[in-house]
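Working notes for the structure below.
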Amino acid sequence: MKILVLISRILLGLVFFTFGVIAFLPFVPKGQMPSGLAGQFVTALIQSHYGLVVSALQIAGGVLLLANRYVPLGLTILGPIIVNILLYHLLLYHMGVGIAMIVAILWGIVAFYHRQAFAGLFVQKSP
């Protein structure tokens, strides 16, 4: 189990660190913009610079996972980003949904291993 978690954590950290850094590097060629609502959504993210904030959060979460420090915080940062990636690929642009699912599964494996850090979130009543 520990080896699976280690591999999942490193892969997840590499994916988010790499894709986060790519947003800040202008010499990396961008693919063709999707059409329809998916393209409009991506255009809004780019023009508003909201995408740069998301990319910075991806870098932060990826670094935390790769450094194996504050892993629950890294998972907390990346969780909403993964949900948005999944929803984008499920609802707007179906290409890439498989990779989005794999990333969500990797996140789930690491989060399950660190479930004790999240135990306080599932308390029915606050003290």
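If I fit a long axis through the Cα atoms of helix 36-47 and take the longest principal axis of the Cα atoms of the chain, what angle between them do I get, 0 to 90°, rounded to 10?
80 degrees
In a GNM of the chain with a 10 Å cut-off on Cα contacts, which of Val110, Val83, Val54 has the highest mean-square fluctuation?
Answer for the Gaussian network model of the chain: Val83.
Note the angle between two axes, namely the Cα long axis of helix 50-67 and the longest principal axis of the Cα atoms of the chain, as a number of degrees from 0 to 90, rounded to the nearest 10.
40 degrees
How large are Rg and Dmax for the chain when only the alpha carbon atoms are used, in Å?
Cα-based Rg and Dmax for the chain come out at 15.8, 52 Å.
Given R₀ = 35 Å, FRET efficiency for Met1-Lys30 by Cβ-Cβ distance, to 0.05?
E(calc), rounded to 0.05, equals 0.35.
Relative contact order for the chain using alpha-carbon pairs under 8 Å, separation at least 6, rounded to a whole percent?
Over the chain, the number comes to 31 percent.
I'd like the orientation of helix 2-22 relative to the chain: the angle between its Cα long axis and the longest Cα principal axis, in ° from 0 to 90, rounded to 10.
30 degrees
Bear in mind that the values in this text are calculations on the coordinates, not laboratory data. Just so you know, these numbers come straight off a predicted model, no measurement behind them. In this analysis, Cβ positions are derived from the backbone assuming ideal geometry, glycine residues included, and neighbour counts consider all displayed protein chains.
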